[in-house]
Every structure is written in structure tokens, then in C-alpha cells.
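A short worksheet on the structure shown next.
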Amino acid sequence: MSSKDRFEARSDCTYIAFYKPYAVLCQFTNPADSDKETLANFRLPKSVYPLGRLDFDSEGLLLFSDDSSLNQALLNPEHAHPRVYLAQVENVPASAELKKLAQGVMVEGRLTAPAKVKLLQVDPVLPPRAVPIRFRKNIPTAWIELTLTEGRNRQVRKMTASVGHPTLRLVRVAIGDLKLFDLDLYPGQWRKLSMNEICLALERVSG
């Protein structure tokens, strides 16, 4: 039985999708002596908390709820819910490098789980980032799509760096089959999810 089969959304709970912008801390409180923007700047309901996280310099889909059972269903590694990321990297990865990423690479002494990886032939249409990417002269960039079923700290960035392609921009575009671009959100915006949309986030196979 999958986590989707076991989970039942509750009418007395709140479920939210948020498009996290670049340069926002994935927490409601600000560390001392820091002027960084936090989740508190976006007027989310006080009862909810983030389900998972995105790094300060990453963007994209982030879920919130006050339902602890959804938190358990989404974050339990046994359920292997896919997360889909778009990564803009330096230079164009060769087929052999993409294959390495898909099969697993060593990150801090541990092999990453198998992933789905593909080179995008057309750059994705994304909102401009508040702070533009710093391009290096005469070095091309490329976009790759990675679907992961584990969530280590800064995993995508460490994976692409391990094959010689540092990540310049990183956007999470799906959790399960809940797709960011189907939600009609822009960076900094959020909205409540329907019961059907919550079920999409719990899908184990994207696509």
C-alpha cells in the first residue's frame, strides 16, 4: 500500500503550494544580525509549516500544511516520492556525464540513488531571477532536468559539481505529479491546494 493510499486529506487542515523565490530562507525566523528575507515575509497562515525545504539560493515549489500526517507521508524515504528539478549548469554535459548522474555519483562518501536525468534541448521559460545569474565569459550553459527520490542537503548542486558542471540556477518544478507550472503561481505567491492536488503530490511515479 502506498503513502497515497494511506493518507487522507482533512477538511480541518490547510494545504498550500508556494513558489519560493531566490534568496529566501526556508524558515519563519531570521537569525540574529541577518537581514535576509524569510518565509515570514509572505503572509502565510500562521498555523502551517514547510514540508521539506529549499536552499536559500534555490527556487520553486514548496508545500506547507498543518497536517502532520502529510508531512510523514511526503518525507518518509521509504515512499520515494519524486521531486523534479531544473538545473542550469556551466557547459553542456556529455552523454557519459548524464549517465553518471542517473546511475549515482559519490557525494560526501555516499552514492546517490538512481535518478532520471535528461538534457533539455530548449531552455525552460522561467520568471527572471531577482539577482541575475553571473555568467562567465565564453563559457556556455545548459539546462538539465533531474528527478530525485531522495533529498540530501544541496544534493543537486553537489551532484552536478561532481561531474564538472556547477549549478548556476536551481528550480524545483514538481513534487510527485503536482507541477509548479500548473498552479499559476509566480515567485513569492502561494495558494491553497484542492484535495485532488494534494493527491498529485503523493504520486510515486511522475509523468
Exercise. Identify the single condition in (1) touching a strand residue (DSSP E or B) at 6+ places or on another chain (Cβ under 6 Å); (2) part of a loop (DSSP other than H, G, I, E, B) that Ala87 does not satisfy, given that it satisfies every other one.
Key: (2)
Quiz item: Is it the case that the range 168-175 has a residue that's part of a loop (DSSP other than H, G, I, E, B), in contact with a strand residue (DSSP E or B) (Cβ under 7 Å, 6 or more places away or on another chain) and charged (D, E, K, R)?
Solution: no
Quiz item: Is there any pair linking a residue in the range 57-70 that is under 14 Å from Leu202 (Cα atoms) to one that is part of a loop (DSSP other than H, G, I, E, B) and among the aromatic types (Phe, Trp, Tyr), with Cβ under 7 Å and at least six apart or on different chains, and which?
Solution: Ser69/Phe7; Leu70/Phe7
Practice problem: Name, by its number, the condition in (1) modelled with pLDDT of 95 or more; (2) surrounded by 16 or more Cβ atoms within 10 Å (Cβ to Cβ) that does not hold for Asn71. | Solution: (1)
Self-check item: So Phe7, is it among the aromatic types (Phe, Trp, Tyr), at pLDDT below 95 and under 15 Å from Phe64 (Cβ atoms)
Solution: no
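The values are calculated or read from the model by the stated rules, or taken from the named source; none is laboratory data. Quick caveat, the model's predicted, so the values are computed rather than measured. Cβ: placed from backbone, ideal geometry, glycine included. Neighbour counts: every protein chain shown.
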